[in-house]
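Nothing in this text is a laboratory measurement; each read-out follows from the coordinates by a stated rule. Keep in mind it's a predicted model, so treat the numbers as computed, not measured. As a convention, Cβ positions derive from the backbone with ideal geometry for all residues, glycine included, and neighbour counts pool all protein chains shown.
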Amino acid sequence: MEFRNKSTVLWANIFNLRMPQIRAFHMSWFAFFLCFFAWFGIAPLMKVVRDELQLTASEVGWCIIASVSITVVARLLIGWLCDRIGPRLTYTWLLMLGSLPVMGIGLAHDFTTFLIFRLLIGAIGASFVITQYHTSIMFAPNCVGTANATSAGWGNLGGGVTQLLMPLVLVFFVGVFSVSQAVGWRASMVVAGVVCFLTGIAYYAFTQDAPEGNFKALRAAGKLSGGDKATGAFLSACKDHRVWALFVIYGACFGIELTINNVAALYFSDYFGLGLAAAGLTASAFGLMNLFARTLGGVFGDRFGVKWGLRGRVLWLFMVLFSEGVVLMVFSQMRVLALAIPALIVFSLFVQMSEGATFSVVPFVNKKALGAVAGIVGAGGNAGAVAAGFLFKGAIDWPTALLILGALVTGCSVLTLLVRFTPEAEADADRDLRAALEQPSGGKPRLEPAFST
């Protein structure tokens, strides 16, 4: 799909909410932030849950796997839905329906019921695909990597904030309402679910699918191909080996981030002897790097793209992914907290820059199947997390598991060699880039809210 009136500027217009591009940017990152917060809201409370439900190490491992496994399928479906009905309706329904298991996990009373709800909650992780899809069709080639990386990075920030805030929310319920910790963690998850539901309503009210309007109106006006072609676009993406290379690559960066979000609090509690709040605070350092780290990945992806074209974007991706694997191996060997925390922060920097670099490449792989490509590559992140989760089921100690993951990530960096573009694709991208750079205003702002259905 080709869309007109994409914004060629992000930061200069960042507060211009009259522009549909900027509204989509802010709503998409905020919605993803809340989804990420709810998705991993239980992770920093797992010490309390483990004690209450008397979970074994193996059962904790299965919960980690469950939290990311269903997202693989959900992301594939969501990418197809974005092409078919547009990001606005897709996000609205995902937020509202996804909030139900977030609140429902409070009904869990044993390992089986907890595992089922943990599995269902993972579906909201598909929100990432919509976020990347929406910003990809709203921003021009000269800044699409930056827009994608920033919206996803600020969204991923929820993974760090939840590590910090959820223990405090638990303490609030226990201290103010004098309830037990068993009731407190359940009430905390209800709060997260309610906020997600309300955000779904806001997404419907304040965004539109594309710069020119919603998919339904554009199709009625003959400006956009029918949604029935979404299946063909999905099959086209499936036949492209570059998509599957990026699938594995994203598993080696975002999959690792999801894994660390799940295990970090317990890791610092079990291996460094920290309490619940201190472990959550320390673990939050990893996710809070999303405030700027993923943006850097997209910014440099765009810079490399301006200087060296699409091959420059891929070169940047190789550099940061290779560095991520090396630093993860270093972090795995840290046994002193004062050294482990800086190593964690540097590792987080490269993880998130790798994610931003990946999605500075994705919009150029197949423009006619953007949702399908984003969905498949996004699913790779969760597939990587599922695979990594099996290393944390108790067969080996967690530092060894992290060392193995670091070696695998380093090896995966060579897959960037498979992500190549034809001379014609390079020429098309260069032409679009030059056209975007020649626009002085960054895309036409629509002064009316355009909230039509």
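Each label was represented as a point 7 Å from its Cα along the Cα-to-Cβ direction; for ARG431 and LYS307 these points are 2.7 nm apart.
Classified by the C-alpha gyration tensor, the stretch 145-217 has an oblate form. Its axis ratio a/c, with a ≥ b ≥ c, is 1.5 or above, and a/b does not exceed b/c. Note on the stretch 172-232: with charges restricted to the Cβ of Lys and Arg (+1) and Asp and Glu (-1), its dipole about the Cα centre is near 100 debye. With the highest mean first, a sort of the peptides 405-416, 117-128, 67-78 on other beta-carbon atoms found within 10 angstrom per residue produces 117-128, 67-78, 405-416. Remark: the ALA343-LYS239 segment gains 33.5 nm on full extension, using 0.36 nm per residue and subtracting the alpha carbon distance.
Computed FRET efficiency, Cβ-Cβ of PHE272 and LEU17, R0 56 Å: what is it to the nearest 0.05? Write out the running numbers ahead of the final one.
Numbers: r = 44 Å, r/R0 = 0.79.
Computed FRET efficiency for PHE272 and LEU17: 0.80.
Over 28 Å apart at the Cα level, from the set LYS229/LYS307; LYS239/LYS307; LYS223/LYS307; LYS239/LYS393; LYS216/LYS367, are LYS229/LYS307; LYS239/LYS307; LYS223/LYS307; LYS239/LYS393. In the chain, taking the dipole from charged Cβ atoms about the Cα centre, the farthest positive-side position among LEU76, PHE32, PRO141 is held by PRO141. Would you mind checking the stretch 148-170 for residues with the amide N under 16 Å from a putative spin-label position 7 Å along Cα→C-beta of VAL179? Answer for this model: 166-170. Charged side chains reduced to their Cβ positions (Lys and Arg at +1, Asp and Glu at -1) give the chain a dipole of some 880 debye around its Cα centre. Per DSSP H run of n ≥ 4, the term is -39500 (n - 2.57); total these for the chain, divide by its residue number, and report the mean residue ellipticity at 222 nm rounded to 500 deg cm²/dmol. Theoretical 222 nm ellipticity from helices: -25000 deg cm²/dmol. In the stretch 17-438, a dipole from Cβ-located charges (positive for Lys and Arg, negative for Asp and Glu) runs towards its positive end, and of ALA233, VAL174, LEU246 it is ALA233 whose Cα lies farthest in that direction. Sorted on the mean count of surrounding Cβ atoms within 10 Å across their residues, most packed first, peptides 249-257, 43-51, 89-97 read 249-257, 89-97, 43-51. Counting charges near GLY251 (Lys, Arg +1; Asp, Glu -1) among other residues having Cβ under 13 Å from its Cβ returns a value of -2.
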